[in-house]
Amino acid sequence: MNAENGYTIGLPPVASSYGSDIDALMLLMHVVMVAIFVIWGVYFVYCLVKYRAKDGERGVYHQAGENASFIPDGIILVFEIWLILAFGIPMWVSIKQQTPPPEESLEIVLVAEQFAWNFQYPGADRKFGRRDVKLVSASNAIGLDATDPAAKDDVVTVNNLHVPMNKPVILRMTSKDVIHDFQVTNFRNKQDILPGQMTMLWFEPTVPGKYEIACAQLCGLGHTKMIGNVFVDSQQDWDKWFQEELEYKTADAGTTGSDEAAVVSRQGSGDEKQETVL
Ligand SMILES: [Cu+2]
């Protein structure tokens with residue numbers, strides 16, 4: 001077990017800035033629990049042997065003091081409260097209460113649905129195009145309003161999230177139908193996604209590669225198939241990817257001669273799933 005590499009208790013390797021801290025806390029809790037288990041177990045066996053029935057002896061039922069048994073309980077309780085106050089809550093605050101500054105981050109809107117992940121990237125203007133539920137259709141999964149100037153340089157992908165390395169990513173998340181939950185085990189994070197509300201999750205990817213997005217909230221019959229990918233690229237590769245996506249979008253808008261939601265569906269290379277660019 002090596003918390004530094006994040007390869008702890010059988011979990012996949014860590015690929016986010018706070019992953020190793022979470023692994024270290026999990027390791028600490030497991031070590032403490034094993035220690036308590038062993039100490040209690042040894043004491044239990046000791047009592048079984050020492051106070052076993054013996055020929056010619058009668059049991060003496062005297063108590064070692066009214067509150068004696070509360071002392072070890074109290075010590076463990078204080079110790080566990082210390083674990084929560086000293087480690088658990090500060091870590092929770094640093095991840096859940098302290099969001100990286102948006103101007104230094106990549107903000108992405110995630111619209112979850114049964115059973116897919118739709119990602120909206122705001123483009124160079126850093127403004128998200130308007131979404132309208134009335135515009136939702138088979139080819140416009142998030143209901144992006146193509147007449148909104150802010151939507152012109154927005155890119156929408158399905159099930160594939162592309163992010164640059166070593167830059168915080170802030171996901172602003174909502175759902176079209178039921179409660180979903182965004183989870184990337186390599187990032188050691190998860191967050192519920194609720195219809196009618198925006199929830200937020202941030203992470204900073206630290207290792208390039210492809211990681212699995214799972215839905216961590218039972219959301220219907222296709223729940224187990226609600227799998228996406230996160231691609232962590234260098235900033236250079238990410239810029240290139242984004243430019244390509246924009247070009248697909250512009251090319252399609254050019255051929256149709258329309259400002260309406262230009263939809264390009266194409267099959268990604270390898271085992272990438274289908275991407276839709278609006
Ligand atoms: Cu789901």
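When you check TYR61 against the structure, is it among the hydroxyl-bearing types (Ser, Thr, Tyr), surrounded by 10 or more Cβ atoms within 10 Å (Cβ to Cβ) and farther than 26 Å from GLY10 by Cβ, yes or no?
Answer is no for this residue.
Pairs please, first residue from region 202-223 and away from the ligand (no atom under 16 Å from the Cβ), second anywhere and in a helix (DSSP H, G or I), Cβ atoms under 7 Å, 6+ apart in sequence or on different chains.
What qualifies is PHE203/PHE187; TYR211/ASN186.
Please go through (1) touching a helix residue (DSSP H, G or I) at 6+ places or on another chain (Cβ under 9 Å); (2) more than 16 Å from the ligand (Cβ to nearest atom) for PHE115 and return the number of the only condition it doesn't satisfy.
Looking at each condition in turn, PHE115 falls short on (2).
Please go through (1) assigned to a loop (DSSP other than H, G, I, E, B); (2) within 16 Å of the ligand (Cβ to nearest atom); (3) surrounded by 16 or more Cβ atoms within 10 Å (Cβ to Cβ) for GLN197 and return the number of the only condition it doesn't satisfy.
Failing condition for GLN197: (3).
To keep it simple, each residue is scored yes or no on (1) assigned to a strand (DSSP E or B); (2) among the acidic types (Asp, Glu).
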| residue | (1), (2) |
| --- | --- |
| LEU161 | yes, no |
| LYS167 | no, no |
| ARG172 | yes, no |
| ASP177 | no, yes |
| GLN183 | yes, no |
| LEU201 | yes, no |
| LEU218 | no, no |
| LEU221 | no, no |
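Among the residues in region 232-255, are any in contact with a His (Cβ under 9 Å, 6 or more places away or on another chain), assigned to a strand (DSSP E or B), assigned by TED's automatic domain parsing to the domain that holds ALA124 and modelled with pLDDT of 50 or more?
Yes: region 232-255 contains one or more residues that are in contact with a His (Cβ under 9 Å, 6 or more places away or on another chain), assigned to a strand (DSSP E or B), assigned by TED's automatic domain parsing to the domain that holds ALA124 and modelled with pLDDT of 50 or more.
Got a sec? Which of GLY41, GLY56, GLY74 is modelled with pLDDT of 85 or more, farther than 30 Å from PRO100 by Cα and assigned to a loop (DSSP other than H, G, I, E, B)?
GLY56
So, in region 172-191, of the ones that are of a type outside the set (A, V, I, L, M, F, W, C), within 15 Å of the ligand (Cβ to nearest atom) and buried (at least 17 other Cβ atoms within 10 Å of the Cβ), which residue ends up nearest to VAL230 (Cα to Cα)?
GLN183
Residues are listed down the side, and each one gets a yes or a no for (1) on the phi > 0 side of the Ramachandran plot; (2) within 16 Å of the ligand (Cβ to nearest atom); (3) aromatic (Phe, Trp, Tyr); (4) without any contact (Cβ under 8 Å) to a residue 60 or more places away in the chain:
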position: PHE79; (1), (2), (3), (4): no, no, yes, yes
position: ALA86; (1), (2), (3), (4): no, no, no, yes
position: LEU106; (1), (2), (3), (4): no, no, no, no
position: LEU110; (1), (2), (3), (4): no, yes, no, no
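Could you say whether any residue in region 75-84 is within 30 Å of VAL169 (Cα to Cα), under 26 Å from the mean Cα position of the chain (by Cα), not assigned by TED's automatic domain parsing to the domain that holds PRO205 and not acidic (Asp, Glu)?
Yes: one or more hits.
Which number in (1) part of a loop (DSSP other than H, G, I, E, B); (2) at pLDDT below 95 marks the one condition that VAL156 misses?
(1)
Any idea which of (1) surrounded by 16 or more Cβ atoms within 10 Å (Cβ to Cβ); (2) more than 21 Å from GLN183 (Cβ to Cβ); (3) in contact with a Lys or Arg (Cβ under 9 Å, 6 or more places away or on another chain); (4) of a type outside the set (A, V, I, L, M, F, W, C) is the one PRO122 doesn't satisfy?
That leaves (3) as the condition not met.
The values are calculated or read from the model by the stated rules, or taken from the named source; none is laboratory data. What you see is a predicted model; the values in this text were computed from it and never measured. Neighbour counts run over all protein chains shown; Cβ positions are idealised from the backbone, glycine included.
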